[in-house]
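One structure, pasted below without further comment.
The values are calculated or read from the model by the stated rules, or taken from the named source; none is laboratory data. No experiment lies behind these values; they were computed from the predicted model shown. Every residue, glycine as well, gets a Cβ built from its backbone with ideal geometry; the counts of neighbours run over all protein chains shown. Just the protein is used for accessible areas: all its heavy atoms, side chains included, with ligands, DNA and RNA removed. Shrake-Rupley method; radii C 1.70, N 1.55, O 1.52, S 1.80 Å.
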Amino acid sequence: MFALLKNKKRTLRLGVFAKNHMTNIYNEILSAKSENRKLLAILVDPDKVSAENAGHLIQKINQSPATHIFVGGSSFNGNHLDDLIVELKSKTKLPILLFPGNPSQISDKADGILFLTLLSGRNPDYLIEHQVNAVPILKKTKLEVISTGYILIESGNETAVERVSQTKPIDRNNPEYALQTAQAGEFIGNKLVYLEAGSGAKLSVPNEMITLVSQYINVPLIVGGGIRSKTEIENAYNAGADLVVIGTAFENDLNFFNS
């Protein structure tokens, strides 16, 4: 699978995801889903990475089978975000999508943004308030805005997303409710569904939950959080994930894909 990813990544870089990004990112994700091409995003947390210290990380991202870069963090205040994205874009041709925790994490230097609604929680700030506040900022950019239903799944420990959003995740032993939540997001109009265990999660999203959700939604499924090995990535793909996100494990071991 990873050899295939590397070959497909090379094709993406040469054509579909060239630096001018003329092709719609979401349409490419849809195409990948229809062709059963699995995608991989590296999450870069600007709380941990700055433009000045990003060089080695970018080099390793370019050597990995990644097809996308996500940039964002739960509590980041937006400082140095533009500089970090400019540095990333100067050294990689991968599309860069913002993965924001709040409107301060919007940068017109990126290619697109996952416009997140925290469907698993009932905190109005993360259901609609941040989204409303983000609109005037987004209107001044050319970012591709991709509506994303974000669903936090219990992971064995309290994650940063849970603390910051002040919401409880969905019980990892209740895949039916996760599916119901994902389908509600799809009915609302979300273009992507993102099952998230959270950064630094003790446990990843259960494969049984991934399978159930992927079977009964029509939009692409993103899965991330708590994934610490290539085997776990493969398992998520096999369970039905269209795009897998890794962050902490890659940050902690830049030779992740060489081991």
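Anything in segment 83-106 that is in a helix (DSSP H, G or I), over 11 Å from Gly72 (Cα atoms) and open to solvent by 50 Å² or more (accessible area, probe 1.4 Å)? List them, or say none.
Answer for segment 83-106, where residues must be in a helix (DSSP H, G or I), over 11 Å from Gly72 (Cα atoms) and open to solvent by 50 Å² or more (accessible area, probe 1.4 Å): Asp83, Val86, Lys89, Ser90, Lys91.
Just one of (1) in a helix (DSSP H, G or I); (2) under 23 Å from Asn24 (Cβ atoms) trips up Gln59, so point out which.
Gln59 satisfies every listed condition except (2).
In segment 138-185, which residue that is among the basic types (Lys, Arg) and in contact with a strand residue (DSSP E or B) (Cβ under 9 Å, 6 or more places away or on another chain) is nearest to Asp111 (Cα to Cα)?
Lys168
Which of the following residues is within 19 Å of the chain's Cα centre (by Cα), among the basic types (Lys, Arg) and over 28 Å from Ala32 (Cα atoms): Lys48, Lys89?
On inspection, the qualifying residue turns out to be Lys48.
I've got another one for you. Are any residues in segment 31-56 open to solvent by 10 Å² or more (accessible area, probe 1.4 Å), part of a loop (DSSP other than H, G, I, E, B) and touching a Gly at 6+ places or on another chain (Cβ under 9 Å), and if so, which ones?
Asp45, Asp47, Lys48
Out of segment 193-226, which residues are open to solvent by 10 Å² or more (accessible area, probe 1.4 Å), β-branched (Val, Ile, Thr) and farther than 19 Å from Thr117 by Cβ?
Correct list: Thr211 only.
OK, next. Specify the residue that is most open to solvent (accessible area, probe 1.4 Å); the eligible residues are those in segment 107-148 that are more than 21 Å from His68 (Cβ to Cβ) and hydroxyl-bearing (Ser, Thr, Tyr).
Tyr126
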